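Reviewing the structure listed below.
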Amino acid sequence: MFFFHFFFLWRPLNNYRSYRLSAKATTAVVTVIKMILRILLVYGHTPSLAQKPPKKNDIAKEQTLIELIHASEQEVEWNDTANGHSFKVVLEPSSFTKEKYELYRKYQQEIHHDEPSEVSAEGFRRFLVDSPLDQEDGKVNYGSYHQKYILDGTLIAVAVLDILPHCVSSVYFMYDPAYAFLGLGNYSALREISLTQEFCASSSDLKYYYMGFYIHSCVKMKYKAKYHPSELLDPETNDWYSFADVCNPLLDQYKYAVFSDPAKSSSPITKSDSTDSSSTGTKTTPDDALPSGWMDPTSIRNKDLEQVLIIAGKSQVVPVTMLVKFDKSEEFRNEIKDYVASLGLDLAHQLIVA
């Protein structure tokens, strides 16, 4: 549910994670990587290695995701039908560049249909560049990072990641709409799981990949359920439960599901319920369908939100009502009201939204 996104005072770890990172690559995983590989081979790649290319069936024999990812990269490098093209992935500390901002602008306007006036360089900085996390060196260098996907020297996608002691947290992914046919969303998730596996080899506690919050009725979030084994956070105990074995069956039956004690689940789903109302950011359920203990979000006034604080930069905390996005985006205002409704005014005024 949405409000989990704000329960943490830094960029959130949220409530959906994948685990058991030593699991073998499934047929679906192999299919996605091979599809990306085929497309890249069509683009071609200038040979840069002297070794012989791998045998045709080598990729299918790979046992782990790390080996599969790197085997596919090697085949691109070894491709002897090259047409002078190149593809690479670079992980670097989060930073602002004009190239990244232009990619963000195109993505927001063409994919999310933001108005030009809603997209700004300063907004990009606050949202995806500035971070309360400091870079920390060690076996794994913790902090906020951008993973860049570069084709022929052109930035075509960026994944925004937080690398933390126990997990790699996927914050955001954006791509150039002109390259939507590459299916980079699926590929980036597999790359990030592979990255987590590699970090786990150096730091055994870093064994989870967090995919963000999950709304079961939102069709746009269904893709997260494709990555397994995975878990969801219980809304009452903050313990993790298997998505396939425990969470999914309950979420199919209830709007408010308590994984630790199914008897506490409430608001049974009926046939008349919208299948994707959550994705619109609008309130479509009656008051008696609200989760137990929630305020009615429609009763919350803008004046009540003046004391709700949010991190607007690396260290700046301001009232949420001061944000330009608050004035211009009804969806954002509804999200904030849902957050306050889930906590109550007193607690919401004591916490900081990240």
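Throughout, read-outs are computed from the coordinates displayed, never taken from laboratory work. If you're wondering where the values come from, they're calculated on a predicted model, not measured in any experiment. All Cβ positions, glycine included, derive from the backbone under ideal geometry; neighbour counts span all protein chains shown.
Please give the net charge around residue 260, taking every other residue with its beta carbon less than 12 angstrom from that of residue 260, where Lys and Arg add +1 and Asp and Glu add -1.
Working: positive: 264; negative: 234, 236, 239, 261.
Spelling it out: positives minus negatives among the neighbours equals -3.
Greater than 24 Å separation of Cα atoms is the criterion. Which listed pairs, 222/271; 303/328; 148/207; 226/255; 224/325; 224/328, meet it? Present the calculation step by step, with values, prior to reporting the outcome.
Details: 222/271 19 Å; 303/328 17 Å; 148/207 22 Å; 226/255 21 Å; 224/325 27 Å; 224/328 29 Å.
Flagged as over cut-off: 224/325; 224/328.
In this label model, residue 91 and residue 301 are separated by 5.0 nm, measuring between points 7 Å along each Cα→Cβ vector.
Summing Lys and Arg as +1 and Asp and Glu as -1 over all other residues whose Cβ lies under 11 Å from the Cβ of residue 328 gives a net charge of -4. Packing, as the average of other Cβ atoms within 10 Å across residues, places the peptides 160-170, 144-154 in the order 160-170, 144-154, highest first.
Over segment 86-206, Cα pairs under 8 Å with separation of 6+ residues give a relative contact order of 26 percent.
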